[in-house]
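Have a look at the structure below, then the notes.
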Amino acid sequence: MQGLWLMSKFSQTLVRFLEILLILSIGSAAIYLVGSVLVTNTAEEAQTFLSLVKANFIERLQGHARIVESAAKVQFIREFSMDNIRSYLGELVSDSPQVWSHFILADHRGLELVNTLENAPRASITSQLYFTTPYYNGVTVIGEPLYGVSVNRPLIGIGTPVKLDGKTVGVLVGFLRLEYVSQVLNEKQITNSSYTFMLNSSGLLSGHPNTEIILQRNWVNPPIGEDPPYSSRDQAAMTGIFVTALREMTLGKSGWKLTAYEGDYILINYLPLGIRTMSLGMISPVFEIYNKSLLIAIFMISSMVLIILAVFLLQRLRHSVTQNIDLRQKAEAANEAKSNFLSNMSHELRTPLNAIIGYAQLGRMGKGDSAEVNLHHIESSGRHMLTVINDILDMSKIEAGKLVLNCVVFSLQTCIDEINEIVASNIAAKNLVYSSETYALAPYWVYGDDVRLKQVLLNLLSNAIKFTPSRGEILLSGGIVAQDATNITLELAVKDTGIGMSVEKVNRIFKPFEQGDERTTRSFGGTGLGLTITKAIVEMMQGAIAVSSTEGVGSTFTVQVKMLKREAPVVEAVSEEMQVFSLSGAHIMLVDDIALNREIVMELMGDMGIIFVEADNGREAVTTFENSPIGYYDVILMDIQMPVLDGYSAAREIRRLNRSDAGQVSILALTANAFHEDIVAALDAGMNGHVAKPFEFNKLLASIQEEYSRHRT
């Protein structure tokens with residue numbers, strides 16, 4: 001019996017032992033699985049972090065590329081004015097010495113004209129990527145790290161074309177310092193002992209925090225007789241896994257590798273940079289996942305992780321719900337603002353439209369004021385509607401990032417004088433006191449967009465007139481507040497004694513689709529876009545706008561803009577032989593697919609003795625001109641958007657006709673395509689000028705008169 005008892009106890013012990021063994025086996029498998037998951041998650045987290053490093057690095061490079069592009073657009077660089085170039089480029093380097101090594105300006109042969117390095121030999125950069133791509137393709141390029149002979153460091157060159165009158169005349173190259181590249185790559189790291197480096201397809205190392213191991217070294221294929229330039233932790237390369245990762249980097253691959261060194265696990269993450277053949281790599285120590293002494297701890301930690309993960313997911317869910325509520329509230333607020341804006345737009349468009357239709361009906365019925373008064377109201381309402389439409393179009397271009405400045409040389413004093421003339425009638429109509437106290441502007445001629453500058457000031461003055469009661473005061477003041485050899489800073493202020501604004505309203509007035517107060521909109525009207533557009537234009541002019549206001553006292557809007565200095569243009573004396581011709585007997589072809597538009601032009605000029613020939617599309621215009629006698633037509637007024645053949649194509653076909661007057665006949669675009677790019681497109685198509693619809697009769701007549709006089713002389 002004792003033997004059976006002993007055998008039973010042995011069997012029970014054996015079963016328990018086997019159960020324990022099974023539990024340990026399952027636990028070991030679970031631990032291995034958890035360990036594998038942890039390794040994979042760690043590697044993926046490191047890969048995501050490296051992607052963020054990459055995004056930050058590319059953003060920095062693109063920012064520096066924009067600096068080089070801006071420098072290449074400076075007038076004296078485009079004209080190769082050597083006296084100014086070296087000091088200007090030298091200032092760029094001295095302003096950010098930790099970023100820039102030096103700048104090179106090369107001509108069309110790739111020969112260095114300016115090198116900001118002292119005592120640098122004059123060399124040719126014709127074979128370098130940062131010269132060939134900008135020069136031949138006309139685009140900015142960020143080159144691979146190359147060793148600078150003069151600085152004995154790998155540098156990253158950023159090259160951009162230098163253009164004059166639309167033609168590439170040279171290349172400007174800025175070189176980023178090795179230390180700066182390393183600093184950007186290692187600003188943030190996933191662990192305290194991690195570091196990031198950069199490698200190209202040839203195995204050239206750069207961007208490593210230990211700059212001394214980079215010089216004249218190649219990590220993948222070191223020169224014969226030299227050891228690979230690894231740091232102590234980089235000795236993990238001896239396993240071969242590290243070298244494998246480096247070789248995959250040179251092939252532009254992305255991934256991660258895990259290797260061991262002196263009891264530590266080393267994680268190597270890598271991915272292509274997306275610029276040339278460069279790749280980024282990151283080396284990080286990993287927790288000793290497979291150390292047997294920590295198996296139990298890992299098992300316990302994995303259980304805790306599940307609990308923590310559940311809590312974390314609940315927190316994330318709560319955060320996500322809260323965030324969705326916030327986003328929904330913001331979206332609803334934005335939609336409400338847009339709905340209010342659309343309601344205001346409807347009001348602003350329907351109000352003048354109602355006046356136009358109403359006064360037209362009064363005129364037809366023979367009621368109301370005289371026909372002249374009715375027509376004045378119709379014209380005034382039409383001009384107001386055109387202002388609203390222009391604001392909407394400007395806002396759409398601002399939101400699309402397509403608003404551009406059309407820069408010309410103009411006189412600041414003349415610009416201010418014209419603004420004073422424009423507002424004079426509205427000032428007088430409202431019985432306001434207006435003063436213009438700008439000082440010392442007469443000598444200054446500048447290069448900038450005079451039309452947009454007027455738009456900014458007229459927007460501010462129009463608001464001042466609108467919100468200032470009768471017998472109130474408005475002051476336009478300012479002048480030049482700063483200048484150097486090439487630039488001036490103009491500051492102008494519009495001050496009124498109007499209704500003023502609270503601080504809350506001031507904080508809202510520059511936002512699109514909003515006005516300071518809905519009651520203001522109901523009382524005074526307006527689209528709520530004027531100040532948004534004004535702010536966007538001022539910022540495009542490298543300036544800023546500020547406002548100070550006290551409710552019930554008034555407001556002051558202050559604008560600062562920067563512009564390039566220019567010499568006053570030489571005014572050529574008008575030749576006595578130039579004479580104004582009568583248009584009687586002139587032959588004008590009127591091309592427009594809308595018969596009413598053709599009728600308006602012919603009625604306005606019906607008593608001038610002009611012989612009009614009509615065409616309702618571009619194809620008919622080309623055929624009519626081709627079948628006419630040589631020199632028959634003096635001027636062609638060409639619409640743009642027409643069926644069968646558009647105005648641009650028609651103008652090109654006329655210019656290509658094999659007849660002596662094809663290149664001489666004057667073609668004017670008369671079109672509702674009124675943007676700056678439309679004017680450029682008309683000139684590119686071979687037209688002589690551009691008149692926008694709705695047209696001012698006097699401006700159209702002056703344009704026709706000018707072209708007719710030129711044609712007849």
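Brief remarks on what is shown
- Some residue of the stretch 632-645 being out of contact with any Lys or Arg (no Cβ under 6 Å at 6 or more places or on another chain), surrounded by fewer than 18 Cβ atoms within 10 Å (Cβ to Cβ) and closer than 20 Å to ASN688 by Cα: yes
- Qualifying residue in the stretch 416-424 (condition: of a type in the set (Asp, Glu) and either touching a residue at least 40 places away in the same chain (Cβ under 8 Å) or not in a helix (DSSP H, G or I) (or both)): no
Results for (1) of a type in the set (Ser, Thr, Tyr); (2) within 14 Å of ASN463 (Cα to Cα); (3) modelled with pLDDT of 90 or more; (4) not in a loop (DSSP other than H, G, I, E, B), shown as yes or no for each residue.
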residue	(1), (2), (3), (4)
GLY500	no, yes, yes, no
GLU504	no, no, no, yes
ARG508	no, no, no, no
ARG522	no, no, no, yes
THR527	yes, yes, no, no
LEU531	no, yes, no, yes
GLU539	no, no, yes, yes
ALA546	no, no, yes, yes
SER549	yes, yes, yes, yes
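- Number of positions in the stretch 402-415 that are surrounded by 14 or more Cβ atoms within 10 Å (Cβ to Cβ) and not in a loop (DSSP other than H, G, I, E, B): 6
- Among the residues of the stretch 89-98, those identified as hydrophobic (A, V, I, L, M, F, W, C) and open to solvent by 10 Å² or more (accessible area, probe 1.4 Å) are LEU92, VAL93.
- Residue check for VAL169: touching an Asp or Glu at 6+ places or on another chain (Cβ under 8 Å), assigned to a strand (DSSP E or B) and farther than 20 Å from ASN269 by Cβ: yes
- Residues within the stretch 656-678 that are within 23 Å of ASN617 (Cα to Cα), open to solvent by 60 Å² or more (accessible area, probe 1.4 Å) and of a type outside the set (Gly, Ala, Ser), tallied: 5
- The requirement of being aliphatic (A, V, I, L, M), in contact with an Asp or Glu (Cβ under 9 Å, 6 or more places away or on another chain) and free of Cβ contacts under 8 Å to residues at least 60 places away in the same chain is fulfilled somewhere in the stretch 689-698, by at least one residue.
- You will find that of ARG217, ARG122, ARG153, the residue that is farther than 28 Å from LEU271 by Cα, at pLDDT below 80 and not hydroxyl-bearing (Ser, Thr, Tyr) is ARG122 and no other.
- Contact map, the stretch 602-621: first residue among the hydrophobic types (A, V, I, L, M, F, W, C), second residue assigned to a loop (DSSP other than H, G, I, E, B), Cβ cut-off under 6 Å, separation 6 or more or different chains; pairs are MET608/LEU583; ILE610/LEU583; ILE610/ALA586.
- Residues of the stretch 99-123 satisfying the condition of being open to solvent by less than 30 Å² (accessible area, probe 1.4 Å) and free of Cβ contacts under 8 Å to residues at least 24 places away in the same chain: GLU112, ASN115
- Reported count of residues in the stretch 467-490, each being in contact with a Gly (Cβ under 8 Å, 6 or more places away or on another chain) and surrounded by 18 or more Cβ atoms within 10 Å (Cβ to Cβ), is 4.
The values are calculated or read from the model by the stated rules, or taken from the named source; none is laboratory data. All of these numbers come straight from a predicted model, not from anything done at the bench. Using ideal geometry, Cβ is built from the backbone for each residue, glycine included, and neighbour counts are taken over all protein chains shown. Keep in mind that these areas ignore ligands, DNA and RNA; they rest on the heavy atoms of the full protein, side chains included. Shrake-Rupley method; radii C 1.70, N 1.55, O 1.52, S 1.80 Å.
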